[in-house]
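Bear in mind that the values in this text are calculations on the coordinates, not laboratory data. Just so it is clear, the model here is predicted, and its values are computed rather than measured. Here Cβ is always computed from backbone atoms with ideal geometry, including for glycine, and neighbour counts include all displayed protein chains.
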Amino acid sequence: MNRHVTRGVIFIHTVPPAVQPHVEWAVVSVLGYGIRFSWTQQPALPKMNRGEASWSGPVGTAAVLASALNGWEHLRFEITEDATPVSESGRYSYTPDLGIFYATTDLMGNVVVPENRIRAAIEKAGTDSSALRKHLDVALGQAWDDELEPFRYAGSGAPVRWLHKVAS
């Protein structure tokens, strides 16, 4: 039995209003207790809402929450888990196009890239600095940050960069 309790935050960046109860149900089924999201409109993407809620539970709960929400169409989210004496802090990020990304984070929420991953990036890139940048961007989850950034700012009252669907 896991005796170490941690806490975190679930940030739902985009969700269709009709799906909100299903998100809440999935989260409650993982946590085992009721949780209340604060739902508001997502200004960066019309007809979508955003919400967030704090949670607490055993170490590893963020991974179970991320798995429960993984693969949902139109859903974009991030889930944080605080460090404990036996675990590091981390963040799960999800977008429909990119899937899920996990990173260990420091006290300020910055991504921490393990030494072996940096060494592997250097080795794969050789003397090609643009290849090194590409490998480090993958390790840092840059693609997820690029996609989620407009939705993060939209939730904090900052100026919004409107996203428009482009016909293919």
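Structure above, values below:
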{"quantity": "Whole-Hz couplings from phi, Karplus 6.51/-1.76/1.60, listed for region 130-137; x for Gly and Pro", "calculated": "5, 5, 4, 4, 4, 5, 5, 4"}
{"quantity": "Rounded to whole Hz, the Karplus (6.51, -1.76, 1.60) HN-Hα couplings of region 92-108, x for glycine and proline", "calculated": "9, 10, 9, 9, x, 7, 9, x, 9, 9, 10, 9, 6, 10, 8, 4, 8"}
{"quantity": "Most mobile listed residue (ASN49, ASN110, ASN70) in the chain, GNM with C-alpha springs under 10 Å", "calculated": "ASN110"}
{"quantity": "Calculated FRET efficiency for the pair GLN142/ARG36, C-beta based, R₀ 35 Å, to 0.05", "calculated": "0.60"}
{"quantity": "Nitroxide proxy distance, nm - points 7 Å out along Cα→Cβ at VAL113 and TYR153", "calculated": "2.4"}
{"quantity": "Estimated distance in nm for a label pair at SER54 and ILE122, the labels positioned 7 Å out from Cα along Cα-to-Cβ", "calculated": "4.1"}
{"quantity": "Value at 222 nm in deg cm²/dmol, rounded to 500, when DSSP H runs of n ≥ 4 in the chain each add -39,500 (n - 2.57)", "calculated": "-10500 deg cm²/dmol"}
{"quantity": "Among 125-136, 94-105, the order from most to least packed when residues are scored by Cβ within 10 Å on average", "calculated": "94-105, 125-136"}
{"quantity": "Rg/Rh ratio calculated on Cα atoms of the chain (Kirkwood radius)", "calculated": "1.00"}
{"quantity": "DSSP loop GluC sites (Glu not before Pro) with at most 16 other Cβ within 10 Å: longest gap in the chain", "calculated": "89-168"}
